[in-house]
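So the structure is just underneath, and the comments pick up after that.
The values are calculated or read from the model by the stated rules, or taken from the named source; none is laboratory data. Note that the structure is a prediction, hence the values are computed from the model and not measured. Cβ coordinates were reconstructed from backbone atoms using ideal geometry, including for glycine residues, and neighbour counts include every protein chain displayed.
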């Protein structure tokens, strides 16, 4: 086993354990965690900006275009927008346990569909660090855990944001590891995530075809 494989599996197993506990949490606990996550982003704007600066300093090394650098940059207004987005997600109705398409069968039994959490969602994305926050908020709201794998261009920003989000959420009753991030940017990590059948329940790739 190589180091990338070990790292991905360690992160995935911890997140999977958290996912098993997420399904039973109340909407109130999840919403409280989302507000705590928003507060943490606002309280740690300097640290987030510092991490983002490290990524921006490497933009020439990665040959990023002007547009890509703009997407990567976390201005104060963008940081505030991330926090606002989490609060908006908290205001949504709890999507877990909603029953639809209820029909009564000839036998008298009523049958319908109920929304339930998926489990551990692997999320692959590129150089927009705000996606770290958006994805984590939506996944936690729906009673799931998330394993993030962002692009190398935003690795410092993503690691900083994921750590803040996980810590804030855990302080409000969300299981530790519900927001996890793969901290190695080797492309092998993507393959290991996709092949982690039985651990990662769904993988969502966002960005280019590659």
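Assess whether residue 194 counts as being farther than 16 Å from residue 48 by Cβ, modelled with pLDDT under 95 and touching a strand residue (DSSP E or B) at 6+ places or on another chain (Cβ under 7 Å). Explain how you work it out, then say what you get.
On the way: farther than 16 Å from residue 48 by Cβ: yes; modelled with pLDDT under 95: yes; touching a strand residue (DSSP E or B) at 6+ places or on another chain (Cβ under 7 Å): yes.
When the stated conditions are applied, residue 194 passes them.
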- Somewhere in region 124-141, is a residue touching a helix residue (DSSP H, G or I) at 6+ places or on another chain (Cβ under 9 Å), within 11 Å of residue 206 (Cβ to Cβ) and in a strand (DSSP E or B)? yes
Exception for residue 120 within (1) out of contact with any strand residue (DSSP E or B) (no Cβ under 6 Å at 6 or more places or on another chain); (2) under 21 Å from residue 132 (Cα atoms); (3) modelled with pLDDT of 95 or more; (4) surrounded by 17 or more Cβ atoms within 10 Å (Cβ to Cβ) falls at (1)
Review point. On the phi < 0 side of the Ramachandran plot, in contact with a helix residue (DSSP H, G or I) (Cβ under 8 Å, 6 or more places away or on another chain), in a helix (DSSP H, G or I) and modelled with pLDDT under 95 - does that describe any residue in region 158-180?
Key: no
Looking across region 1-29 at residues that are part of a helix (DSSP H, G or I) and without any contact (Cβ under 8 Å) to a residue 12 or more places away in the chain, the single one that is nearest to residue 79 (Cα to Cα) is 28
Taking the stated definitions as given, is residue 204 assigned to a strand (DSSP E or B), touching a residue at least 60 places away in the same chain (Cβ under 8 Å) and either more than 16 Å from residue 36 (Cα to Cα) or out of contact with any strand residue (DSSP E or B) (no Cβ under 9 Å at 6 or more places or on another chain) (or both)? yes
The condition of being farther than 21 Å from residue 175 by Cα and more than 17 Å from the chain's Cα centre (by Cα) holds, among 47, 28, only for 47
The correct count of residues that are more than 21 Å from residue 199 (Cβ to Cβ) and surrounded by 23 or more Cβ atoms within 10 Å (Cβ to Cβ) in region 166-187 is 1
When restricted to 50, 32, 77, the only residue buried (at least 16 other Cβ atoms within 10 Å of the Cβ) and in a helix (DSSP H, G or I) is 32
For residue 37, the lone unmet condition from (1) more than 23 Å from residue 151 (Cβ to Cβ); (2) in a helix (DSSP H, G or I) is (1)
